[in-house]
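Below is one structure, written out as structure tokens; comments come after it.
The values are calculated or read from the model by the stated rules, or taken from the named source; none is laboratory data. Quick caveat: nothing in here was measured; it's all calculated off a predicted structure. Cβ placement follows ideal geometry from the backbone for every residue including glycine, while neighbour counts extend to all protein chains displayed. SASA here: full protein model, heavy atoms, side chains in, ligands and nucleic acids out. Shrake-Rupley method; radii C 1.70, N 1.55, O 1.52, S 1.80 Å.
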Amino acid sequence: MSFAGNIESLSFCSALGGWLVLGWIGFGWDDQQTRCEATLTFANGTIVAEPIACVFDRADVRKVGTGVVIFIPDQRDVRGMPQDLTLRCGDYTFYAALNSAQALEQRTQIAHARSLIAHAVRSEQWKTLVAMLQRPMFTGNDTLDDFERPVFLQLDDVFLCPPHGLWMFGWMLDPFSIVKSIVVRCGSRQALIGPSTSIPISRADVRDGFADRFGGLSAKCGFLAYLPDIYVPAETLYIEVETIDGEVGFKALTAISSAGVDTIKNILGRLDLGYDELIRGYDRVVGPSIQAINTFRLRNRPGYTVMRFGALSERPTASIIVPLYGRIDFMEYQLAFFSRTLSRDHELIYVLDDPGQLRQTERLAASCLARFQHPFVLVAMTENLGYAPANNVGLAVARGDFVCFLNSDVFPDEPNWLEYMLETARTDPTIGIVGALLVFEDETTQHDGCSYERLSEFGHWIFCRHPNKGFLLQDGRDVHPVDGVTGACLLMSAELARAVGGFDEGYVIGDFEDADLCEKVKALGRFCVVDRRARLYHLERQSQGNQQASWRFNLTLYNAWLFQKRWAADVLAPSRLISAPAIIQRPERSLQDTALHG
Amino acid sequence: MDDLANALYTSAITAIPSVLVMTHSHPRETRGGAEIAALTLFQALKGRSAQTWFLGCAGVKSESRLGAPLTQPYGRDDYLYHPGADFDYLKFANPDPNFPKALGKLVADLRPDIVHSHHFARFGVESFSVIKRHSPNTRIVLSLHEFLAICNHHGQMVKTNTMHLCDRESYSACANCFPQYKQRDFFLRKRYIQTFFEDVDVFIAPSHFLAERFRDWGLPAHKLVVLENMPPAAPGHHAAPAPQDTAPPPPAVRRGKAASSATGPAPVAVTQPGAGRPLRFGFFGQMSPLKGISVLIDAAKHLNTMDVRGATIEIFGDYSNQPPTFQTAVIEALAEAGQSIVYHGAYDNRDVHRLMRQIDAIVVPSVWWENSPVVIQEAFTNGKPVICSDIGGMAEKVVPGVNGLHFVAGQATSLARVIMGLAENPGRLAEITAIMQRPLTTDAALDAHLSLYRSILPN
């Protein structure tokens, strides 16, 4: 049964999170005892919601109906103006085209609605609507100072974690414990800053600043918050604080910084999470926010240019992929040494992940070719994206049957290092990854394979350890199975590398990608080994100084967090250890002497 | 046939190999030890009608030509490389992409039997590899000057922070001297240099001291030969003493002003040691801290304090290239040194023999190891004993009582005591002067070089 009526004005009220519709409607619809349903039709679709409505007496329509105030929730970001409205309550149907309805500014519409419902019929829905309409609205000004009892709130940094996330670093002092809720609002979206979206952090500086005014303040007045789905561009962003006394105050958020690698470093540089805080902090705030930033920054496939220096092999056996960042002079050293030790059957690919040094690198490359006469490829990425993307670009360019991922700070000691690794890879089809024996410049061990260990001080997360690191290794010409192999020198078939998708780019900058790659290969039933005959120097970067306060260390924790989520259940599974290849003793000089220079 | 074979054999063993001599500067521009040794070798070879060429490096005095890394401004057998500004002195790498091709073409065209390099700075250590690549039959000889390949501190093996002597390189010790680098940088430096040193066939060390240091560093012993550098050319007959000069000795100098006029140091009266005049002890060279000039001046002060009248110290050198603070210190020290010291100022190297002949003994008070200082060769060429620090190459070249005396390195009082002893007994100096053996002549030195060349050439 359809009823008469007309909608005279409507507006979308972001402060309320929906449409406020004013008009009149025929008698009887509010007698229905069933739930109502409102449908708004737009050019690009419809929304259906349960409305909140109340009626009031209108002299001009008294003979046929009543005035009506309707609120229809709409949480979408992009709306447009509706074309028509349909109300259904049981048998009651009301339809109104909206093309003649006035679209008023929300404050005007709200003020109008307030005045109208003052005379409306009292009902539960009326109460709800009154509470909604009487709630203070954000006008663009900070109003926390108007609270009867003081509340202090400051946001030091707000970063965008695309597409809709916000990461916030701030503090709040509530000396009288009156705050009931803190909600961030943006357009029709809202999100609570609470235990599931934030972690408290120590801000002794803030506490000390207020100590002379208020006693008993906690140093844990800071917070890190991540709201994954709050931000809408061009919509007003603000914080709404409600107290137990029913007061509502606002704080504008205007300074939002865009996110990139520097944001990640900034976020991580502020962290100092201990045992109990680590898991919560990374699960709730740090992990998701950095994942969002990293996913966004890698959304487009990286651009790159390929430059070839010298006459390369037509069908290389192995492609050695070396990412370059910072110390481009390492390329000069490697090329000088490789010119004596590396067969021209192999392809050497340098991936410059440092666009700011492109010109110097090009000049250095030309100089190196002139001096050392060893051919190589230089791939220049258009953006700095980190270890995994750079290596994956190298993998895309590589033409060899095998790929050897090599750090730029790794230099050959044993001239036949690559030939030994290839021999091992070819000999046993169960071997998926071959690593090398890496030593420091003082001949002590840097890497002889990785093993996993849970560290209690870091959330019992699994970390990769290098057994015997720093010690002098006994001479052992053997190939032995390991849990994992460092990406500093890692050989595998190119086909297998591509089948597992190369390095996972979810890890940021560099760490754990190699462990992840090893696990992907092991998940296919293959093993990782180290061939100690392949001996190289790895001039690993020095320790990070005050480790636990540095962004670099916290980045390692982020990558560790990601690794746990994916592999923790598998890594230490006993089944993994069954059927691993035994230690293989290789006789010395088993490798055929081959000319190293084609 | 036997006569013919013998003749051919004799001809072969006496044939002079063709030699390309390389050094990192050019004698037309600078007169350091390496370039003087290289020039002497080149000229001596030419004097034997050997096919020989010279390759030096241009400094600021020579104009480069666009697109021409090598030019020949000084003659047909004389080449000049115009290096760029980006030479990597840490590892002696030459980034100039045009040089390998130019050098390669040169050696491919010349096909020298021997390339004798007197320095790898500015050319780069990779040049040895380039030579072998383009002329595989050429043998490469490298004369080692200082400890450049070992020590980043100008090759002197002296700590940068304390100026103490350094006995042995290590990555950590080197990183301590140069905090801007890490240990791994010194690991890479050593590896880089040694990689290209593999292409050198023979390393010549002018002293056993130097040879031992390089052996410890990692050069294979079978490639190391101890052979003195070519002696500096001496004009005329160097055994006869200079004619007597009746001009009185110049007055002691105050405030660092040279006694000599703009035309050069004034001639000094010369008589035999012990002939009733004060003994004259001469210093020749750069007045730098490592050359021990402070030790020398302090020794002079000590002589004054002891009122020693039988000896004077005469300084022929220049301090104007030194840091301002050191210059000030030298000027003040000279002013306080008293009558025992005479400062003559800078001298032209071509006058060194004339000046040395007017001196009774040469003092070499260096506080670093030294290798085979040219000044010692020059002193011996002129028949003058040397009083030197008891360390390094100096102590090897100067044998106490045979061709000189030692004093404790760095100790001015020790030097003063040696001088006082000789002042009290000038006959001792005369004895040493009389029994001193003259160094190898240029011809003899060249024969030794040629013998070495022939030993590494294929039969």
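In the condition set (1) touching a helix residue (DSSP H, G or I) at 6+ places or on another chain (Cβ under 8 Å); (2) within 22 Å of B:GLN183 (Cβ to Cβ); (3) more than 14 Å from chain A (Cβ to nearest Cβ); (4) open to solvent by 10 Å² or more (accessible area, probe 1.4 Å), B:ARG139 is compliant with all but (2).
Applying the condition of being touching a Leu at 6+ places or on another chain (Cβ under 8 Å), within 11 Å of another protein chain (Cβ to nearest Cβ) and open to solvent by less than 10 Å² (accessible area, probe 1.4 Å) to the stretch A:336-370 and asking which residue is nearest to A:ASP514 (Cα to Cα) yields A:PHE338. When A:VAL130, A:VAL61, A:VAL68 are checked against the criterion of being open to solvent by less than 40 Å² (accessible area, probe 1.4 Å) and over 16 Å from A:GLY23 (Cβ atoms), a single residue qualifies: A:VAL130. For the stretch A:300-314, the set of residues classified as assigned to a loop (DSSP other than H, G, I, E, B) and either surrounded by 10 or more Cβ atoms within 10 Å (Cβ to Cβ) or touching a Cys at 6+ places or on another chain (Cβ under 7 Å) (or both) consists of A:ARG301, A:PRO302, A:GLY303, A:GLY310, A:ALA311, A:LEU312, A:SER313, listed by residue number. Reported count of residues in the stretch A:529-544, each being touching a Leu at 6+ places or on another chain (Cβ under 9 Å), open to solvent by less than 10 Å² (accessible area, probe 1.4 Å) and more than 14 Å from every other protein chain (Cβ to nearest Cβ), is 4. When A:VAL508, A:VAL434 are checked against the criterion of being open to solvent by less than 40 Å² (accessible area, probe 1.4 Å), among the aliphatic types (A, V, I, L, M) and assigned to a loop (DSSP other than H, G, I, E, B), A:VAL508 stands alone in meeting it. Considering the conditions (1) on the phi > 0 side of the Ramachandran plot; (2) more than 14 Å from every other protein chain (Cβ to nearest Cβ), A:VAL377 is excluded by exactly one of them, (1).
For the stretch A:315-335, residues that are of a type in the set (Gly, Ala, Ser), under 26 Å from A:GLY356 (Cα atoms) and open to solvent by less than 30 Å² (accessible area, probe 1.4 Å) total 1.
One line per residue, one yes/no per condition, for (1) open to solvent by less than 60 Å² (accessible area, probe 1.4 Å); (2) of a type outside the set (Gly, Ala, Ser):
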residue: A:CYS221; (1), (2): yes, yes
residue: A:ASP229; (1), (2): no, yes
residue: A:ALA234; (1), (2): no, no
residue: A:ILE239; (1), (2): yes, yes
residue: A:GLY246; (1), (2): yes, no
residue: A:LEU273; (1), (2): yes, yes
residue: A:GLY281; (1), (2): yes, no
residue: A:SER289; (1), (2): yes, no
residue: A:ASN294; (1), (2): yes, yes
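Screening the stretch B:142-176 for residues that are acidic (Asp, Glu) and away from every other protein chain (no Cβ under 14 Å) and picking the one that is most open to solvent (accessible area, probe 1.4 Å) gives B:ASP167.
One line per residue, one yes/no per condition, for (1) touching a helix residue (DSSP H, G or I) at 6+ places or on another chain (Cβ under 9 Å); (2) farther than 26 Å from B:ILE331 by Cα; (3) within 14 Å of chain A (Cβ to nearest Cβ); (4) modelled with pLDDT of 50 or more:
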site	(1), (2), (3), (4)
B:PHE197	yes, yes, yes, yes
B:HIS208	yes, yes, no, yes
B:TRP217	yes, yes, no, yes
B:PRO220	no, yes, no, yes
B:ALA233	yes, yes, no, yes
B:HIS238	yes, yes, no, no
B:GLY274	yes, yes, no, yes
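Restricted to the stretch B:113-136, and to residues there that are assigned to a loop (DSSP other than H, G, I, E, B) and out of contact with any Lys or Arg (no Cβ under 8 Å at 6 or more places or on another chain), the residue that is most open to solvent (accessible area, probe 1.4 Å) is B:PRO136. Residues in the stretch B:167-220 that are in a helix (DSSP H, G or I), under 26 Å from the mean Cα position of the chain (by Cα) and of a type in the set (Gly, Ala, Ser): B:ALA211 alone. Contact annotation: residue pairs with Cβ atoms under 6 Å, 6 or more positions apart or on different chains, pairing a residue in the stretch B:87-103 that is more than 7 Å from chain A (Cβ to nearest Cβ) with a partner that is in a helix (DSSP H, G or I), are B:LEU90/B:ARG189; B:LYS91/B:ARG189; B:LYS91/B:TYR192; B:LEU103/B:SER127; B:LEU103/B:VAL130.
B:GLY421 falls short on exactly one of the conditions (1) farther than 18 Å from B:LEU290 by Cβ; (2) at pLDDT below 90, and that condition is (2). Taking each residue of the stretch B:399-422 that is outside any loop (DSSP other than H, G, I, E, B) and looking for partners that are β-branched (Val, Ile, Thr) and open to solvent by 40 Å² or more (accessible area, probe 1.4 Å) with beta-carbon atoms closer than 7 Å, six or more apart or interchain, yields B:SER414/B:VAL408.
Residue-by-condition table, conditions (1) within 14 Å of chain B (Cβ to nearest Cβ); (2) open to solvent by less than 40 Å² (accessible area, probe 1.4 Å); (3) in contact with a strand residue (DSSP E or B) (Cβ under 6 Å, 6 or more places away or on another chain); (4) assigned to a loop (DSSP other than H, G, I, E, B):
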position	(1), (2), (3), (4)
A:ALA388	no, yes, no, no
A:ASN391	no, yes, yes, no
A:GLY394	no, yes, yes, no
A:VAL403	no, yes, yes, no
A:ARG426	no, no, no, no
A:TYR452	no, yes, yes, no
A:ILE462	no, yes, yes, no
A:LEU472	no, no, no, yes
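Counting only helices (runs of 4 or more DSSP H) that fall entirely inside the stretch B:291-370 and contain at least 1 residues that are out of contact with any strand residue (DSSP E or B) (no Cβ under 7 Å at 6 or more places or on another chain) and closer than 22 Å to B:HIS406 by Cα, the qualifying elements are B:293-305.
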